[in-house]
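The values are calculated or read from the model by the stated rules, or taken from the named source; none is laboratory data. These figures come from a predicted structure and were not determined experimentally. Methodologically, a virtual Cβ is constructed for each residue, glycine included, from the backbone with ideal geometry; neighbour enumeration extends over all protein chains shown. Side chains are part of the model used for accessible areas, which takes the heavy atoms of the whole protein and leaves out ligands, DNA and RNA. Shrake-Rupley method; radii C 1.70, N 1.55, O 1.52, S 1.80 Å.
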Amino acid sequence: CSYLLTFQANLQLIFIPHSGVQGQWLFIISVIISWVYNIWLSHEKADIEEAIFKEVLGEPRLHKVMFPNHTSAVAFLLLVSSNDPRDRKIWHQVLDKYLPWGPPVWEIWRDTITERLNHGESFKFDKNHWNCSKLTLEDDQKLLKGLFWDAMDAMEVYDTFKNPKVGSAPQ
């Protein structure tokens, strides 16, 4: 179908300038019809996808969770997957895919987070964690502090997500 529309558009670009007013009106009408058809098709596609989703999964309760950055989102993803021992194998894959690797700051953060997850500990950190002797630059310590704060934010959202108050949904 898209090949036909492309072919039609190319033909119209070649022949319309040579035709009169009637041909130009025909060109404008065909562009409008094509535009309306594409809008209808895209709207219909969303409805079809939603119907398939509901058919496969039923009517699941979905909650939208928003985070200020990737670090918080990844920490939340790790917390959610920490309940299933099979998912523990993919922690490092998730960390490698969604967060930078290599700099010492990120390695310290990754090691601390995965260690906490392995031991079932919460993401509560203090200045002893980000004033790491391995980091000599003050900027690196500030970055690590921010990363730990992101993890603590993710922990708060996870706690709300896991234990919602009666009558409220996680935000």
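A few comments on the model shown:
- Dipole magnitude of the chain about its Cα centre (Cβ charges: Lys, Arg +1; Asp, Glu -1), debye to nearest 20: 80 debye
- Computed [θ] at 222 nm, helices only, for the chain once each DSSP H run of length n ≥ 4 contributes -39500 (n - 2.57): -22500 deg cm²/dmol
- Solvent-accessible area per residue in the chain equals 74 Å², computed with a 1.4 angstrom probe and all protein chains kept.
- Using θ = phi - 60° and Karplus 6.51 cos²θ - 1.76 cosθ + 1.60, couplings along segment 29-34 (whole Hz; Gly, Pro as x): 5, 5, 5, 5, 4, 4
- Taking 25 °C and 0.890 mPa s as conditions, segment 62-151 diffuses translationally at an estimated 180 µm²/s according to Stokes-Einstein applied to its Kirkwood radius (Cα pairs).
- Table column - 3J(HN,Hα) (Hz), segment 56-70, Karplus curve with 6.51, -1.76, 1.60, x for Gly and Pro: 6, 9, x, 10, x, 7, 10, 10, 8, 10, 10, 10, x, 7, 5
- Which of Ile113, Ile29 is most accessible, then next, and so on - probe 1.4 Å: Ile29, Ile113
- With the charge dipole of segment 24-97 set up from +1 on Lys and Arg Cβ and -1 on Asp and Glu Cβ about the Cα centre, the Cα lying farthest toward the positive end among the listed residues Leu57, Val74, Ile39 is that of Val74.
- Candidate aspartates and glutamates - alpha carbon under 19 Å from Lys142, same-chain residues fewer than 8 apart omitted: Glu107, Asp111, Asp126, Asp150, Asp153
- Dimensions (Å) - the chain, Cα atoms, principal axes, largest first: 80, 44, 29
- FRET efficiency for the pair Tyr37 and Leu57, taken as 1/(1 + (r/R0)^6) with r the Cβ-Cβ distance and R0 = 30 Å, rounds to 0.50.
- Backbone HN-Hα couplings from phi across segment 94-107 [Karplus 6.51/-1.76/1.60, Hz, Gly and Pro as x]: 5, 4, 5, 6, 9, 10, x, 10, x, x, x, 4, 5, 5
- Pairs spanning more than 31 Å between alpha-carbon atoms, out of Lys64/Lys134; Lys89/Lys124; Lys54/Lys124; Lys134/Lys162; Lys97/Lys162; Lys54/Lys97: Lys64/Lys134; Lys54/Lys124; Lys134/Lys162.
- Segment 1-154 - percent of accessible surface contributed by carbon and sulfur, probe 1.4 Å: 62 percent
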